[in-house]
Amino acid sequence: MAKENEELTRGEKREIRRTLNNEIKEFLKIQAHYFPELIQDIKSVMDSRNQSYITYEIEVILYMMILKNACSIESMQEMSDEFNIDECVKNIYKILGLEEKEYLPHYVTVNECLKRLDNAELEKLRKKMIYGLIRKKSFDHARFLGKHWLVIVDATQLFSFKERHCEHCLTRTYNKGTEQEYTIYYHQVLEAKIVLNDDMVVSIATEFIENEEENMTKQDCEINSFKRLAKSLKDMFPRLPICILGDSLYACGPVFDLCKNNKWEFLIRYKDGSIPTLAEEYKEINQMGENEEEVIEIEYMYKRKPKVKATHKIKWVNDLYYQGHNVTVMELEIEKNQKKWQEFQWVTSIKVTNWTAGEFAETGRKRWLIENEGFNIQKNYRYMITHANSLDYNAMKNHYLLTQLADILVQLYENGVKGIKIIKRTIEKISEGLLDSIQRQPLKEEDFIYERFQVRRE
């Protein structure tokens, strides 16, 4: 356990300050450690622009966007202003191993490139990054029951408009049939994030929830998008042992079927109304007293507050049959000070035992990570993903995917540089430190490790 700030020695404080005095150098160390070929991979992205008329290489544009997100720069205009500082320009070209130009590209140039870039190219980059993390075995401790990689799925809204933005817009009408009736047009995304640590979840797959054309009689929805996402995920990681975590929307036969066909497990929030027949069978067995139960006493520690003892009562029934699936329904009831505090319920494809009940209950509650560590931080604190950096739909998608690539690097940086955790730097301070560092601190050859590659440009 890391020491509290006040317990550090003067030497330890000095070392942390020294480390955090050159944030971009530390960021590049993390990048080189986990993804030594990242720069080459970015250079290899298929550039659909006419190569006879371009000024800036594809890697300049893409890496510039990754740094924009890492430094929590909200707008494209702000990026152009902040990055076209002399030292920053020099540093970025050094990182990329390119001959230095006077400027970095203007945001209009960047957006024109992202309009034409195939989303699949960025998805290939992410796939290789995730493969690299899994193969290093640095995060094997996060596997559920020592075997399964937890993949949390959830949807969120990105952009909304008062008028139709494009043919792919979803629509929602309010106050239907009244004088106050109005319609909003919006874009939504279904995200799959892999759990690497208790406070670290990164994007592994993305599916945009979108209508194929403007006059669709039935809109695209989260479950249909999950079917497409599941196929992509299986194609990309065919042998990865996965356990899907989702909210009660996913407690349904089609999702169970997909998981079974893909040889995945699932642990899904469950409400009585989700599957009435299953709920009824579970209640009957409960009333007969034939369910299994585990009681765990836990002590919660709070700063400047007395200890709180909580009782976790876990009940479950294995081998419940539903549409060709043997499932387990599990309940968690948390009591604090002998009063009911919280209740949870899940359905899972894995049998629960007395030895594993506690881990099931703890794991089931990790679904909130995608809402907090994922969407909440990305929307409100660091990347502002609801801000449209372009009005072109394809560019919008690429902006979102580049944000997810940057987020992988940022989370590894935050968790890999010990000083950040010890002194409890805020998200804002971390991003500000990176930006300030790349703007004012000249990088030397020894500050980053990469191989110089000759990339054939078609």
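The values are calculated or read from the model by the stated rules, or taken from the named source; none is laboratory data. Everything numeric here is computed off the predicted structure, so don't read it as measured data. Neighbour counts run over all protein chains shown; Cβ positions are idealised from the backbone, glycine included.
Annotations for the structure displayed:
- Applying the condition of being at pLDDT below 90 and in contact with a strand residue (DSSP E or B) (Cβ under 9 Å, 6 or more places away or on another chain) to segment 236-276 and asking which residue is farthest from Leu125 (Cα to Cα) yields Asp272.
- Answer residue from segment 23-49, given it is within 18 Å of Leu402 (Cβ to Cβ) and among the small types (Gly, Ala, Ser) and is modelled with the highest pLDDT among those: Ser44
Table: residues versus (1) assigned by TED's automatic domain parsing to the domain that holds Leu258; (2) more than 28 Å from Ala388 (Cβ to Cβ); (3) among the aromatic types (Phe, Trp, Tyr).
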| position | (1), (2), (3) |
| --- | --- |
| Ala205 | yes, no, no |
| Glu214 | yes, no, no |
| Asp220 | yes, no, no |
| Phe226 | yes, no, yes |
| Pro241 | yes, yes, no |
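- Restricting segment 328-347 to residues that are out of contact with any Gly (no Cβ under 8 Å at 6 or more places or on another chain) and touching a residue at least 60 places away in the same chain (Cβ under 8 Å), the residue that is surrounded by the fewest Cβ atoms within 10 Å (Cβ to Cβ): Gln345
- Residue within segment 264-283 that is in a loop (DSSP other than H, G, I, E, B) and closer than 22 Å to Arg143 by Cβ present: yes
- Of the criteria (1) under 25 Å from Arg143 (Cβ atoms); (2) of a type outside the set (Phe, Trp, Tyr); (3) touching a Leu at 6+ places or on another chain (Cβ under 9 Å); (4) in a helix (DSSP H, G or I), which one Arg228 fails: (1)
- Any hit, segment 304-326, residues being of a type outside the set (A, V, I, L, M, F, W, C), closer than 30 Å to Ser431 by Cβ, surrounded by 17 or more Cβ atoms within 10 Å (Cβ to Cβ) and modelled with pLDDT under 90: no
- Cβ pairs under 6 Å, 6+ apart, first in segment 172-187 and free of Cβ contacts under 8 Å to residues at least 40 places away in the same chain and closer than 19 Å to Ile209 by Cβ, second outside any strand (DSSP E or B) and of a type outside the set (Asp, Glu): Tyr185/Arg164; Tyr185/His165; Tyr185/Cys169
- Residues of segment 315-347 satisfying the condition of being closer than 15 Å to Phe266 by Cα and among the acidic types (Asp, Glu): Asp319
- Cβ pairs under 9 Å, 6+ apart, first in segment 255-274 and of a type in the set (Ser, Thr, Tyr), second in a loop (DSSP other than H, G, I, E, B): Tyr270/Ala251; Ser274/Ala251; Ser274/Cys252
So that you can scan it fast, the table gives a plain yes or no per residue for (1) assigned to a strand (DSSP E or B); (2) more than 30 Å from Glu212 (Cβ to Cβ); (3) among the charged types (D, E, K, R):
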| residue | (1), (2), (3) |
| --- | --- |
| Gly132 | no, yes, no |
| His141 | no, yes, no |
| Ala155 | yes, no, no |
| Ser160 | yes, no, no |
| Glu163 | no, no, yes |
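- In segment 151-160, of all residues being modelled with pLDDT of 90 or more and in contact with a strand residue (DSSP E or B) (Cβ under 6 Å, 6 or more places away or on another chain), the one that is surrounded by the fewest Cβ atoms within 10 Å (Cβ to Cβ) corresponds to Gln157.
- Listed by first and then second residue, the pairs linking a residue in segment 73-102 that is surrounded by fewer than 16 Cβ atoms within 10 Å (Cβ to Cβ) to a residue that is small (Gly, Ala, Ser), with Cβ atoms under 9 Å apart and 6 or more places separating them unless they lie on different chains, form an empty list.
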